[in-house]
Amino acid sequence: MEDQHVKETVRQIFTEYLNANGHRKTPERYAILDTIYSIEGHFDIDTLYSLMADQENFRVSRATLYNTIILLINARLVIKHQFGNSSQYEKCYNRDTHHHRICIQCGKVVEFQDEALQRAIETTKLGRFNLTHYSLYIYGLCSKCDNANKRKRKKSNNHYKKEK
């Protein structure tokens with residue numbers, strides 16, 4: 001029920017945004033919004049395109065997806081992340097603040113929450129700047145990639161020692 005309430009609220013916010021900015025209220029735009037608010041976590045345009053293609057009523061082009069995503073970002077209903085070379089998106093209405101760990105080797109993105117970190121950021125004095133929201137990206141190696149690298153180095157060192 002909570003999920004349905006959120007979908008109704010974001011639909012209302014989107015309608016107000018479209019009206020205020022002179023954009024058309026098309027069924028495709030609302031179908032895209034509904035699909036996005038059914039996705040847990042991050043998604044890219046290809047994923048969204050595949051999910052939309054599975055719906056019989058709404059065949060949307062990639063151009064329509066990109067244009068609608070821009071409207072949803074401007075309406076503050078979707079946030080865009082740039083993780084390395086890939087653009088990822090996520091719904092942002094009624095979501096808890098979270099941070100992102102990004103593996104520089106495999107590209108895996110893990111969301112995490114840290115109240116102390118959140119408090120530190122939110123209480124930082126930013127001069128004449130009113131913080132509305134933020135994103136934090138922490139780059140490094142996930143344990144899987146780190147362990148794989150260690151195994152490769154160990155194997156390489158053993159091979160090198162045998163050649164001497």
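Could I have the simple spin-label model distance between Gln105 and Arg119, label points 7 Å from Cα toward Cβ, reported in nm to one decimal?
It works out to 3.5 nm between the two label points.
Give, rounded to the nearest 20 debye, the magnitude of the charge dipole that segment 99-164 has about its Cα centre when Lys and Arg contribute +1 at Cβ and Asp and Glu contribute -1 at Cβ.
Working: 15 positive and 6 negative charges, 170 e Å.
It works out to roughly 820 debye.
Can you give me the distance in nm between label points at Ser87 and Leu126, each placed 7 Å from the Cα along the Cα-to-Cβ direction?
Placing both labels 7 Å beyond Cα along the Cβ direction yields 2.3 nm.
Once you've got the Cα coordinates, tell me which of Lys25/Lys91; Lys80/Lys125; Lys91/Lys152; Lys108/Lys152 are over 28 Å apart. Can you show the working numbers first?
On the way: Lys25/Lys91 20 Å; Lys80/Lys125 25 Å; Lys91/Lys152 39 Å; Lys108/Lys152 20 Å.
In this structure, Lys91/Lys152 exceed 28 Å between Cα atoms.
Nearest 5 percent is fine: what portion of the DSSP beta bridges confined to segment 99-164 is antiparallel?
Details: 4 of 8 bridges.
Counting DSSP beta bridges with both partners in segment 99-164, the antiparallel share is about 50 percent.
Does segment 70-164 come out rounded, prolate or oblate, given a ≥ b ≥ c as the square roots of the eigenvalues of its C-alpha gyration tensor, rounded meaning a/c under 1.5 and, failing that, prolate meaning a/b above b/c? All intermediate terms of the calculation are to be shown ahead of the outcome.
On the way: a/c = 3.58, a/b = 2.29, b/c = 1.56.
Prolate, since a/c reaches 1.5 and a/b exceeds b/c.
Among the DSSP beta bridges whose two residues both lie in the chain, what percent are antiparallel, rounded to the nearest 5?
Expressed as a percentage, antiparallel bridges in the chain total about 75.
Just want the answer: with Cβ charges of +1 for Lys and Arg and -1 for Asp and Glu, which residue in Gln55, Asn21, Gln113 is farthest toward the dipole's positive end in the chain?
Checked the options; the winner is Gln113.
Bear in mind these aren't lab numbers, they're just calculated from the coordinates by the rules spelled out. Not measured: the values here are computed from a predicted model. All Cβ positions, even for glycine, are placed from backbone atoms using ideal geometry, and neighbour counts span all protein chains on display.
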